[in-house]
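Presented below is the structure to which this report refers.
The values are calculated or read from the model by the stated rules, or taken from the named source; none is laboratory data. Because the structure is predicted, anything quoted here is derived from the model rather than measured. Cβ atoms come from the backbone with ideal geometry, glycine included; neighbour counts cover every protein chain shown. Accessible surface areas use protein heavy atoms only, side chains included; no ligands, DNA or RNA. Shrake-Rupley method; radii C 1.70, N 1.55, O 1.52, S 1.80 Å.
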Amino acid sequence: MAERAGPEPVVSLEAVDLSLGTGAARVHILKKVGLSVAKGETVSLVGPSGSGKSTLLMTMAGLERADSGKVVVAGTDLTPLGEDDLARFRGRNLGIVFQSFHLIPNMTAVENVAVPLELAGAPDAFARAAEELAAVGLAERKTHYPGQLSGGEQQRVAIARALVVAPKILFADEPTGNLDERTGATIADLLFSACRDRGMTLVLVTHDAALARRCDRMVRIHGGTIEPEAVALRRETA
């Protein structure tokens with residue numbers, strides 16, 4: 001197991017096992033995974049396709065449920081929570097960015113960003129959504145629909161939606177995977193600057209070695225387990 005000691009762990013996994021599928025198609029994905037992420041740390045999860053890195057990210061975010069073990073995020077043990085409680089927890093504490101944007105096509109940019117605030121009953125949802133869009137450089141595009149935006153612009157909307165709830169932790173699953181190199185670099189800059197400026201923890205899955213090295217730490221996953229010798233790799237410094 002790979003544990004990293006540090007002050008104020010904001011994510012802690014202990015002996016996490018998780019299988020997906022049913023019957024003969026059931027596959028053991030995560031195998032006794034242990035991991036600790038400190039408050040304010042940036043961590044990349046790397047490894048070959050099928051290694052379990054995206055499943056690990058989704059488990060941390062409460063979108064997949066461990067079969068056994070313990071998952072504590074932002075001081076809350078996710079293991080006993082039901083789906084409604086998990087959803088409320090995510091809405092208050094987590095931001096999640098996916099490779100495929102997952103924007104609602106018949107809603108404008110500002111409406112997409114306002115969704116989590118509206119679900120939480122915030123009275124100023126649209127004003128805050130507009131501010132967040134401005135923060136990611138899309139003030140002039142707030143009334144545009146996803147189909148009218150480039151891939152990079154759609155990912156900016158998705159990032160604004162993740163950030164608008166002021167999350168403690170930002171999870172990103174291949175956030176630059178559907179973008180060209182230049183646009184991907186811009187999106188990466190946006191993610192890292194947002195986390196730095198807001199004091200957020202960032203956990204991201206990526207196949208991009210350069211993006212992974214920008215993080216404080218790379219955690220390498222293979223066959224559903226964390227490789228101990230690769231856990232403490234530090235980012236390159238200029």
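How large, in Å, is region 1-90 by the Kirkwood hydrodynamic radius built from its alpha-carbon pairs?
Details: mean 1/r = 0.0732 Å⁻¹.
Radius from the Kirkwood sum: 13.7 Å.
In Å, what Rg and Dmax follow from the Cα atoms of the chain?
Taking only Cα atoms of the chain, I get Rg and Dmax of 17.5, 52 Å.
Under the definition of Cα pairs under 8 Å and six or more residues apart, what whole-number percent is the relative contact order of the chain?
Numbers: 482 pairs, mean separation 63.3, N = 238.
Rounded, it is 27 percent for the chain.
Express the relative contact order of region 1-137 as a whole percentage, based on alpha carbon pairs under 8 Å and six or more residues apart in sequence. Walk me through the numbers on the way to the answer.
Details: 169 pairs, mean separation 27.3, N = 137.
Normalised by residue count, the contact order of region 1-137 is 20 percent.
Using helices alone, I'd like the mean residue ellipticity at 222 nm for the chain: each DSSP H run of four-plus residues gives -39500 (n - 2.57), total over residue count, nearest 500.
Working: 7 runs with 77 residues, N = 238.
Helix contribution divided over all residues of the chain: -10000 deg cm²/dmol.
Suppose we keep just the DSSP beta bridges with both residues in the chain; what percent of those would be antiparallel, to 5? Intermediate values should be presented prior to the final figure.
Values: 19 of 36 bridges.
So the antiparallel bridges amount to about 55 percent of the total.
Sum up the lysine pairs in the chain that clear both bars: alpha-carbon distance under 24 Å and a spacing of 8 or more or different chains.
Lysine pairs, 8 or more places apart or on different chains, close enough: 10.
So how far apart, in nm, are the two label points at LEU20 and ASP84 if each is 7 Å from Cα heading toward Cβ?
The answer from the label model is 2.8 nm.
Pick out which of LEU86, LEU56, LEU170 has the largest mean-square fluctuation in a Gaussian network model of the chain, springs linking Cα atoms closer than 10 Å.
In this elastic network of the chain, the residue with the biggest mean-square fluctuation among LEU86, LEU56, LEU170 is LEU86.
Can you pull the three principal axis extents for the Cα set of region 95-139, in Å, largest first?
Largest first, region 95-139 extends 29, 23, 22 Å along its Cα principal axes.
Determine the per residue accessible area of the chain with all protein chains present and a 1.4 angstrom probe, expressed in square angstrom. Display every interim value, and only then the final one.
Numbers: 11160 Å² over 238 residues.
Computed with neighbouring chains in place, this is 47 Å² per residue.
Using a 1.4 angstrom probe on heavy atoms only, work out the carbon and sulfur share of the accessible area of the chain in %. Intermediate results must be reported in sequence, preceding the final value.
Working: 5740 of 11160 Å².
Using a 1.4 Å probe with all protein chains present, the chain comes out at 51 percent carbon and sulfur.
Using only the alpha-carbon atoms of region 46-103 as identical scatterers, what base-10 log of I(q)/I(0) does the Debye formula give at q = 0.25, 0.27 Å⁻¹?
-1.12, -1.21
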